[in-house]
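Here is the structure we will look at, set down as structure tokens.
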Amino acid sequence: DSYATPVEPGRVESRQAMDSAKTSLLPNAQVQDQEFSPSTMPFAGLRVLELATVVAIPSAAQYFAVLGADVIKVEPAKNGDMWRQIAKAVQPKRKSTWSAAFDSVNLNKRSLRLDVTSVTGRQTIRKLLAEADVLMTNIKEETLLQANLDSASLRKEFPWLIFAHLTAWGKTGPLASKPGYDVGSFWAATGMASLFSPTYKATLYPYSSGDMATGLGLVTATTLALARRVQTGQGGHVSTSLFEMGLWTMAPHLNGCAPEPNVAYRHYATKDGHRVAVCQPLDVEADKLLTSVVGASSTSTQSIVERCLQFTGSELEALLSARGLACEAMCSPLDISTSEKIKEHTCSVEFAKDVPRFPCFPVAFAKSATAELRGPPALGDLNDDWQKGKALWKPCPEGLKLKGPSTRIAGTTGPGVGPLAGVSIVEYSTSASATVAGACAIFADLGASVVRVLTDGSAALAAAVSDEVWEAQLHGRKQWCRPNEARDLVARADLLVTDTEDLAVVGSPRAGGTIHLDLGTGALGCWFAAACTGGLLRGWSFHDDLKQMPFQVPDLVMSSTLAAAMATQLFVQKRAGAAGAQKVSVNLLRASIYQMSFAMVISQAAPDFASPFDPTANFVFKDMQDANPVPSFQTIVLRDGRAVLILGIDLAKMLPKLLKALSLRHIYFMILCKIPAVICSCDPEAKRGKLFKLRPIFRLLNRAIMSAFSKMDTASFETWAARNKWENFVYVEEVKDMVKSPQCAALGCLVPTEAGRVLVRTPLSVV
């Protein structure tokens, strides 16, 4: 996609530059949906068919469902989505239903059990697609081809259809056919895991957050294709992958231009094992104040680290807050039930009484009704109607159905143009965060006309990096202007995207939307500290080796939520015309909690899950590795030091296969001998819950598996994997090695610069 390659930025010369971009795509275009109004939910009348399991696609489909779309989830006929069973055994109130993890990404949907490999199943899919707007799937391309459900076949039959495809590794390359989850594709294989903690701790990661971020990326691409469909009448193919999205969020580190954080933008350990994050980036005065407040001898990091260890977590947080320093205590899953910060962004729901704090939806539309969270579907709740031959889609007023124009309008996409040609956006960021800039960069790469308003905050970020490649990555396809030159441009824009409430200088769009990001205490305070991400990453030892938050990576991860909000508002404006102009709010802490939905709900529904994350407990990583309740899902270290993540997440299926492949079948007999002692509570930990009762068994399994792998080097491991057809593994990569990655080369993810460095291509494709 040639439009995805950044080019040199330039100053916008006049308002004609923005006028020339507006070819009719948004507020001035013909309004198609006569019964749609801004007070209607954004996706009312939309029909989405979900053909997927686990997290990434289900979370994307849930975004549409919560905002009014009719979403039918097609599940495997035998047992349904495997996510219904994840960690269910340790959720005491879930024995007769499904896991709380399934709740977190399947709200507001209905379910159809179906064997899509059968003739009847394929016929049913096509019957549903005849009235659908979007198909969302994570099924591999070769499997779709075998079932004649691939994009080319379906779009030929249903030319209005948006085919949304999300994969683990992308559409080509040596890894394309491998299975993948976010822990491997988004986290370990991109080098991201190595930025947060040592490579052998790759299984300590923010569970499912990469899935959620990538899912929101697909929401953005799908919604933009829908807006284009209203304009041109044509469907489209949109795609992304966990691997490509992970790489894109790693851009400053792949570029080699990430500076060390200043001392007032770091997290610090305290004497009681807690951590406090100080959240004032690129602020020299805050550095001096922090040094004074904690009584450090200098502004050196080591001096401040030593002084912070003299305080408890609560003492340090109170001291810093009293002196006006923005800070956040680092929460762990144990804190979910007591944290006031988390309470503000969660709600109680009838369908999950064992999850008293359920994450709120992260995007709010000023003119639309508040998003209603309804429970996930029972498995196959549509099957009775299906067997009786009844219609499965909900009745929808004709005026709410998404239609193309009465007269087909010539499309504006093509090589070098991009699917957003005609969209005008003003970027007005006053902070040192790349969240707004990152979201706008994706839109610029997809062809939108983006004008960046230069501010002190954005200038501080640029000065801290002082790197042409970083500037090209974030702003290469944008123009720029000064604040006093922006008012007329903003008035004419389709979107103003900002992280400040003070718009006195630039004003607001006359007929467009204002997307406001409330940064709170920034990515370090919200994503890393308050939303439990850091608490999940820490290494379980009193003075752990958790690294500092990598420069701008979480900011770019969170830009996926902002981009989805931008795309949704563009779609609303297309449906409602000028009346669709409104303010759209994204709260960074709420969005962070939403992306951490898995940990949030499981920690409440399965109390045993949260207990190992107690920062004051005298755990070390080896203890927790031994007690891993999924022994076939581990980070192993080979004899030559290479770290490998084995991905046998489906324990019932993968553990027996792994033990057999490692010639450890005798372990079964040892386990059978141990079970009676555990059941009879002879084990000293037996009264502490099911997970703790089973720890002796887990320890036996984990140590045997780790010992067997430690005798292999990389070559013998690959021979073993090939001989036993074990595809479920990925190497834990270092950032420095990514520029030589064969998968990156095959996908064309990295664009070389004249200076011999790289830019990272946009992870979204809209065709």
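The values are calculated or read from the model by the stated rules, or taken from the named source; none is laboratory data. Note that this is a predicted model, so its numbers are computed, not measured. Cβ: placed from backbone, ideal geometry, glycine included. Neighbour counts: every protein chain shown. The accessibility values were calculated without ligands, DNA or RNA, using every heavy atom of the protein model including side chains. Shrake-Rupley method; radii C 1.70, N 1.55, O 1.52, S 1.80 Å.
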For this session: Being of a type in the set (A, V, I, L, M, F, W, C) and under 14 Å from ALA530 (Cβ atoms) is the filter here, so list the residues in region 276-333 that pass it.
Result: VAL276, ALA277, VAL278, CYS279, ALA326, CYS327, ALA329, MET330, CYS331
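Every residue, every condition in (1) of a type in the set (A, V, I, L, M, F, W, C); (2) open to solvent by 50 Å² or more (accessible area, probe 1.4 Å); (3) touching a residue at least 12 places away in the same chain (Cβ under 8 Å); (4) on the phi > 0 side of the Ramachandran plot, yes or no:
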| position | (1), (2), (3), (4) |
| --- | --- |
| TRP726 | yes, no, yes, no |
| VAL730 | yes, no, yes, no |
| VAL739 | yes, yes, yes, no |
| PRO742 | no, yes, yes, no |
| LEU750 | yes, no, yes, no |
| THR753 | no, no, yes, no |
Seminar exercise, completed: Per the filter on region 122-149, residues touching a helix residue (DSSP H, G or I) at 6+ places or on another chain (Cβ under 8 Å) and within 14 Å of LEU49 (Cα to Cα) are THR124, ARG126, LEU129, ASP133, VAL134, LEU135, MET136, THR137, ASN138, LEU149
Exercise. Do we find a residue being of a type in the set (A, V, I, L, M, F, W, C) and touching a Gly at 6+ places or on another chain (Cβ under 8 Å) anywhere in region 260-275?
Worked result: no
Seminar exercise, completed: Selection over region 703-717 where residues are hydrophobic (A, V, I, L, M, F, W, C) and farther than 16 Å from LEU647 by Cα yields a count of 4
For this session: State yes or no: is LEU325 assigned to a loop (DSSP other than H, G, I, E, B) and among the hydrophobic types (A, V, I, L, M, F, W, C)?
Result: yes
Exercise. What number of residues within region 292-317 are more than 21 Å from LEU537 (Cβ to Cβ) and either open to solvent by 60 Å² or more (accessible area, probe 1.4 Å) or part of a loop (DSSP other than H, G, I, E, B) (or both)?
Worked result: 15
Problem set entry | All positions within region 192-203 that are of a type outside the set (S, T, N, Q) and surrounded by fewer than 23 Cβ atoms within 10 Å (Cβ to Cβ) | LEU195, PRO198, TYR200
Exercise. Only one residue in THR124, THR120 is in contact (Cβ under 8 Å) with a residue 12 or more places away in the chain, of a type outside the set (Lys, Arg) and part of a helix (DSSP H, G or I), so which one is that?
Worked result: THR124
Exercise. Conditions: (1) out of contact with any Pro (no Cβ under 9 Å at 6 or more places or on another chain); (2) of a type in the set (A, V, I, L, M); (3) part of a helix (DSSP H, G or I). ALA277 meets all but one. Number of the miss?
Worked result: (3)
Exercise. Which strands (runs of 3 or more DSSP E) sit wholly inside region 578-653 and have at least 3 residues that are over 16 Å from ASP335 (Cβ atoms) and open to solvent by 10 Å² or more (accessible area, probe 1.4 Å)?
Worked result: 583-587
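Which residue, of ALA459, ALA464, ALA432, ALA444, is of a type outside the set (S, T, N, Q), within 26 Å of the chain's Cα centre (by Cα) and not in a loop (DSSP other than H, G, I, E, B)?
Criteria check complete, one pass: ALA444.
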Exercise. Does region 144-187 hold any residues that are in a helix (DSSP H, G or I), surrounded by fewer than 23 Cβ atoms within 10 Å (Cβ to Cβ) and among the hydrophobic types (A, V, I, L, M, F, W, C), and which are they?
Worked result: LEU144, LEU145, ALA152, LEU154
Problem set entry | Selection within region 243-260 - open to solvent by 20 Å² or more (accessible area, probe 1.4 Å) and assigned to a loop (DSSP other than H, G, I, E, B) | GLY256, ALA258, PRO259, GLU260
For this session: Check LEU524, LEU536 and return the single one that is in contact (Cβ under 8 Å) with a residue 60 or more places away in the chain, surrounded by fewer than 24 Cβ atoms within 10 Å (Cβ to Cβ) and not in a loop (DSSP other than H, G, I, E, B).
Result: LEU536
For this session: Hey, can you tell me all the residues within region 482-514 that are hydrophobic (A, V, I, L, M, F, W, C), open to solvent by less than 60 Å² (accessible area, probe 1.4 Å) and in a loop (DSSP other than H, G, I, E, B)?
Result: ALA486, ALA493, LEU503, VAL506, ALA511
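Could you please find all residues in region 151-181 being of a type in the set (D, E, K, R) and under 16 Å from VAL766 (Cα atoms)?
ARG155, LYS171
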For this session: Would you confirm whether any residue within region 205-224 is of a type outside the set (Gly, Ala, Ser), surrounded by fewer than 24 Cβ atoms within 10 Å (Cβ to Cβ) and over 16 Å from the mean Cα position of the chain (by Cα)?
Result: no
